[in-house]
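Below is one structure, written out as structure tokens; comments come after it.
The numbers here are math on the coordinates, done by the rules we state, and not lab data. Please read all numbers here as calculations on a predicted model, not as lab measurements. Here the Cβ positions follow ideal geometry from the backbone for every residue, glycine too, while neighbour counts run over all protein chains shown.
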Amino acid sequence: MTSKTILITGCSSGIGLDTARRLKSLGWTVFASCRTQADCDARQAEGFAAPQLDYEDPASIARCADDVLGQTGGKLDAVFHNGAYALPGPLEDIPAQGMRAQFEANFLGWHDLNRQLIPVMRRAGAGRILFNSSVLGIVGMKYRGPYVATKFALEGYADVLRMEMAEAGIQVVLIEPGPIETDFRKNAIKQFEKWVDWQKSPRRAQYEASLLDLLKKGGSSGVQWPASAVTDAVVNALTARRPKARYRVTTPTHLMAIGRRLLPTRALDWVLSKG
């Protein structure tokens, strides 16, 4: 296998699928993993190698890593951690088990996969580990607490991993998108309905008046960028001789990063509460 190789997670749709297709067109050998076998079958029909991977299932993580490394002869140039979901709602209404599931899917499973793949990159003396973070890894917003918590954890994790892996020649990069056109919100609603018993919440009247509608429709601006905007950043991170530690995608991400640096906490809280 002479082309560059990459494992991308969360390739059922959106960012993962767009990135997989772009890199394939550029000559990369792409392993386009998905959580469900049905989505893996769809990717295979497109000509991808598509191992099944569910970050909440350690056995599937191990199988995916073994499958990929078996097909590459024990080598891998890059991994793009992308598969994730959100559990929306006020934190006081999020059950602990729902929070645990969110961390398994968005953080702990990513660490587990890294532990499977870093040894082969270390032996090669090179490799790139990309994490799809979020503007919500820079600032927090109401009713997105579980997702925000995982992304803040990921930002710190990536900073430490970047320093620790430098001596091994492994580059670690954070991709930080803002609002992107994907099925993300539709999937988040399913998680809300699974975990949040809003009818027993002290906020029930608020849910009925406005919060249910807000959680389902999102913010008022409705402005979203195409998934290709994230793919552009991923391609740059993979091909740059010395990639940046962070690639911020969309105007809101840049603005929030500036606000985080310049505004007092209470002022930033006020700005964020309006969006």
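Can you bin the chain into rounded, prolate or oblate? Criterion: square roots of the alpha carbon gyration tensor eigenvalues sorted a ≥ b ≥ c, rounded for a/c under 1.5, prolate for a/b above b/c, oblate for the rest. Don't skip to the end; give the middle numbers.
Numbers: a/c = 1.88, a/b = 1.52, b/c = 1.24.
In terms of gyration-tensor shape, prolate.
Below 8 Å between Cα atoms, with a sequence gap of 6+, how large is the relative contact order for the chain in percent? If you can, show how the numbers build up before the last one.
Details: 458 pairs, mean separation 52.3, N = 275.
Relative contact order, the chain: 19 percent.
Can you give the Rg/Rh ratio of region 175-234, where Rg is from the C-alpha atoms and Rh is the Kirkwood radius? Don't skip to the answer; put the middle values down first.
On the way: Rg = 14.7 Å, Rh = 13.4 Å.
A ratio of 1.09.
Region 212-275: percent of C-alpha pairs farther apart than 13 Å?
Working: 1478 of 2016 pairs.
Above the 13 Å cut-off, region 212-275 has 73 percent of its Cα pairs.
Restricting to DSSP H runs of at least four residues, report the calculated mean residue ellipticity at 222 nm for the chain, -39500 (n - 2.57) per run over all residues, nearest 500 deg cm²/dmol. Kindly include the intermediate steps, with their values, before the conclusion.
On the way: 11 runs with 133 residues, N = 275.
The helix-only estimate for the chain comes to -15000 deg cm²/dmol at 222 nm.
Could you give the radius of gyration (one decimal) and Dmax (whole number) of the Cα atoms in region 25-155, in Å?
16.0, 48
Take each of the peptides 67-76, 139-148, 158-167, average the number of other beta-carbon atoms within 10 Å over its residues, and list them starting from the highest. Before the final figure, lay out the partial values.
On the way: 67-76: 16.8, 139-148: 19.5, 158-167: 14.2.
Per-residue mean Cβ counts within 10 Å order the peptides as 139-148, 67-76, 158-167.
For region 1-157, give the magnitude of the charge dipole about the Cα centre (Cβ charges: +1 Lys/Arg, -1 Asp/Glu; no others), in debye to the nearest 20.
Values: 16 positive and 15 negative charges, 122 e Å.
In debye, rounded to 20, region 1-157 gives about 580.
Give me the compactness ratio for region 148-259, meaning the Cα radius of gyration over 2.2 N^0.38 Å. Present the calculation step by step, with values, prior to reporting the outcome.
On the way: Rg = 18.1 Å, N = 112, 2.2 N^0.38 = 13.2 Å.
Dividing the Cα Rg of region 148-259 by 2.2 N^0.38 Å gives 1.37.
Among Cys34, Cys40, Cys11, Cys64, which comes first, then next, by fewest other beta-carbon atoms within 10 Å? Before the final figure, lay out each step's value.
Numbers: Cys34 27, Cys40 21, Cys11 31, Cys64 24.
In increasing order of surrounding Cβ atoms, one gets Cys40, Cys64, Cys34, Cys11.
Viscosity 1.002 mPa s, temperature 20 °C: what is the translational diffusion coefficient of region 28-80 from Stokes-Einstein with a Kirkwood Rh over Cα pairs, rounded to a whole number of µm²/s?
Details: Rh = 11.3 Å.
Calculated translational D: 190 µm²/s.
What percent do you get for the relative contact order of region 1-97 when only Cα pairs under 8 Å and 6+ apart count? Don't skip to the answer; put the middle values down first.
Numbers: 145 pairs, mean separation 30.0, N = 97.
Contact order relative to length: 31 percent.
With the dipole of the chain worked out from charges on the C-beta (+1 for Lys and Arg, -1 for Asp and Glu) around the Cα centre, which of Leu263, Phe192, Val223 lies farthest toward the positive end?
Leu263
Got a sec? How would Thr265, Thr250 order by Cβ neighbour count within 10 Å, fewest to most? Mind dumping the intermediate values first?
Working: Thr265 8, Thr250 20.
In order of increasing Cβ crowding within 10 Å: Thr265, Thr250.
For the pairs Lys216/Lys244; Lys190/Lys274; Lys142/Lys186, flag any whose C-alpha to C-alpha distance is greater than 27 Å.
Values: Lys216/Lys244 35 Å; Lys190/Lys274 25 Å; Lys142/Lys186 18 Å.
Result: Lys216/Lys244 exceed 27 Å.
How big is the convex hull of the Cα atoms of region 93-171, per residue, in Å³?
Numbers: hull volume 6.0 nm³, N = 79.
For region 93-171, the hull spanned by Cα atoms encloses 76 Å³ per residue.
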